[in-house]
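Notes to accompany the following structure.
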Amino acid sequence: MAYFLSTNIISSIGFTSEENFSALKNGVIGIKPVSEPSLYPEDFMAATINRAALKQKLISIQAAEIDFTFLERTMIYSIKQSLENTNVDPKSKSTLFIISTTKGNVDLLEKSKRHDVDPERVALWRMAEVISSFFGNPNKAICISNACISGVLALNTAAMYINADQYENIIVCGGDIISRFVVSGFMSFLSLSDEPCKPFDRDRNGLSLGEAAGTIILSKNPSASKQGIKFIGGATANDANHISGPSRTAEGSYIAIKKAMSEAGISPGQIDHISAHGTATPYNDEMESIAISRHNLQDAATNGIKGSVGHTLGAAGIIETAILLEEMRNNTLLKTSGYKNHGLSEQINISTENSVLELNTCLKMASGFGGSNAALIIQKI
């Protein structure tokens with residue numbers, strides 16, 4: 001069994017999990033207009049990390065700008081912050097690093113940055129190796145990059161290794177930044193909203209990009225779990241529908257949830273809360289509502305945090321699970337920022353206000369390009 005030891009979130013609304021949770025409770029929206037011609041010739045909405053504030057904190061990790069990219073330094077800082085709350089030895093052979101990202105150091109493709117660091121670092125495996133090497137880890141780091149389910153898939157992979165007694169502790173870190181490559185790509189899909197995104201809302205018109213780094217540390221040792229929460233099931237499935245459009249019948253998400261519940265040994269009626277993917281795109285939100293309805297989970301309290309922090313790509317599954325852990329520890333259901341008028345064919349239970357709720361067993365959903373879908377289930381010890 002895999003147990004949660006510690007988390008950290010660095011995002012547009014805070015530099016710790018606690019700061020992010022508090023900001024979400026208070027309705028803070030990190031999505032703002034961005035005017036940066038090097039990223040895109042026109043202004044666009046996104047949730048960006050406060051680089052000036054983070055730069056001061058990065059000084060403490062002894063990772064010079066000339067040696068590491070911004071993303072690498074941010075992920076290293078996130079890992080260090082998470083490790084401070086544990087007795088985990090990152091140099092131990094029984095500790096593994098799993099890195100989750102969709103684009104990694106894709107900004108190194110820019111001509112102006114090609115000479116900043118070794119250009120090989122644009123390779124995802126190399127970035128993962130650089131991060132784990134900083135901590136002196138002797139194992140070969142694993143890099144998970146499967147569109148926007150990368151974070152949830154990384155946590156599922158970590159739990160699989162622990163359950164197989166391959167490692168005692170696993171450090172899972174996810175991260176992505178706002179880059180010209182990413183902004184241009186989503187602009188070409190005409191999928192970016194001109195205001196902070198509105199997950200599941202009738203008037204939603206696209207997603208908001210975000211950047212973040214997040215860390216979750218899992219262990220096979222239940223006595224070390226200050227979180228008091230364990231991983232009980234996870235699965236992934238591909239709907240094989242389209243390169244970017246999800247299945248209209250939610251086939252992949254339905255299968256992933258079904259297999260996760262089977263592994264967890266629970267029934268739909270035992271799920272108290274669903275942390276949805278909630279991109280605020282018309283088809284994805286609708287697909288998720290269908291998957292939830294097909295499992296008779298319409299009454300389960302459901303929310304999403306992308307209306308506050310944006311879609312953070314490879315970090316999304318990590319930081320959203322970290323927030324889910326905070327919700328469970330505090331028995332507090334967070335509202336869904338941006339949601340006002342129900343805009344789905346299925347009448348699922350979207351949270352509109354923060355509320356006190358006993359949260360014992362929860363489901364995290366994720367979906368991504370290429371038909372990828374994932375789910376994981378966590379439960380209090």
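The values are calculated or read from the model by the stated rules, or taken from the named source; none is laboratory data. These numbers were taken from a predicted model, which means no experiment stands behind them. Cβ sites come from the backbone with ideal geometry, for glycine too, and all protein chains shown count toward neighbours.
Values for this structure:
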read-out	value
Test: residue in the stretch 333-344 that is more than 20 Å from residue 283 (Cα to Cα), surrounded by fewer than 24 Cβ atoms within 10 Å (Cβ to Cβ) and in contact with a strand residue (DSSP E or B) (Cβ under 6 Å, 6 or more places away or on another chain)	yes
Residue in the stretch 161-174 that is of a type outside the set (Phe, Trp, Tyr), farther than 15 Å from residue 2 by Cβ and in contact (Cβ under 8 Å) with a residue 24 or more places away in the chain present	yes
Selection from the stretch 127-180 of residues that are over 25 Å from residue 259 (Cα atoms), in contact with a helix residue (DSSP H, G or I) (Cβ under 6 Å, 6 or more places away or on another chain) and either of a type in the set (S, T, N, Q) or at pLDDT below 95 (or both)	179
Flag for residue 143 being in contact with a His (Cβ under 8 Å, 6 or more places away or on another chain) and buried (at least 19 other Cβ atoms within 10 Å of the Cβ)	no
Residue list for the stretch 203-252, restricted to those being among the hydroxyl-bearing types (Ser, Thr, Tyr), in the same structural domain as residue 166 (by TED's automatic domain parsing) and closer than 26 Å to residue 282 by Cβ	208
Any hit, the stretch 103-112, residues being closer than 29 Å to residue 377 by Cα, surrounded by 14 or more Cβ atoms within 10 Å (Cβ to Cβ), outside the structural domain of residue 303 (by TED's automatic domain parsing) and not polar (S, T, N, Q)	yes
The stretch 178-206 - residue that is more than 18 Å from residue 308 (Cβ to Cβ) and of a type in the set (A, V, I, L, M, F, W, C) and, of those, surrounded by the fewest Cβ atoms within 10 Å (Cβ to Cβ)	190
Checking residue 288 against (1) within 17 Å of the chain's Cα centre (by Cα); (2) of a type outside the set (Gly, Ala, Ser); (3) within 27 Å of residue 75 (Cβ to Cβ), the condition it does not meet	(3)
Some residue of the stretch 141-152 being farther than 30 Å from residue 280 by Cα, within 23 Å of the chain's Cα centre (by Cα) and not assigned by TED's automatic domain parsing to the domain that holds residue 246	yes
Of residues in the stretch 345-366 being among the small types (Gly, Ala, Ser) and within 21 Å of residue 380 (Cβ to Cβ), the one surrounded by the most Cβ atoms within 10 Å (Cβ to Cβ)	351
Residue tally, condition in contact with a strand residue (DSSP E or B) (Cβ under 6 Å, 6 or more places away or on another chain), closer than 25 Å to residue 72 by Cβ and crowded, with 22+ Cβ neighbours inside 10 Å, over the stretch 1-50	15
Residues located in the stretch 248-300, provided they are more than 27 Å from residue 2 (Cα to Cα), of a type in the set (S, T, N, Q) and crowded, with 22+ Cβ neighbours inside 10 Å	279, 281, 284, 289
Pair list, Cβ under 7 Å, 6 or more apart: the stretch 361-381 residue under 16 Å from residue 322 (Cβ atoms), other residue aromatic (Phe, Trp, Tyr) and surrounded by 20 or more Cβ atoms within 10 Å (Cβ to Cβ)	376/231; 378/231
Candidates 225, 219, 244 - the one that is over 27 Å from residue 289 (Cα atoms) and touching a helix residue (DSSP H, G or I) at 6+ places or on another chain (Cβ under 8 Å)	219
Selected residue (criterion: nearest to residue 133 (Cα to Cα)) from residues of the stretch 62-102 that are surrounded by fewer than 21 Cβ atoms within 10 Å (Cβ to Cβ) and among the β-branched types (Val, Ile, Thr)	66
Cβ-Cβ under 9 Å pairs, at least 6 apart or on other chains, the stretch 204-226 side farther than 19 Å from residue 324 by Cβ and at pLDDT below 95, far side among the acidic types (Asp, Glu) and surrounded by 24 or more Cβ atoms within 10 Å (Cβ to Cβ)	none
Any helices (runs of 4 or more DSSP H) falling wholly within the stretch 106-196 and containing at least 3 residues that are over 30 Å from residue 233 (Cβ atoms)	124-134, 180-188
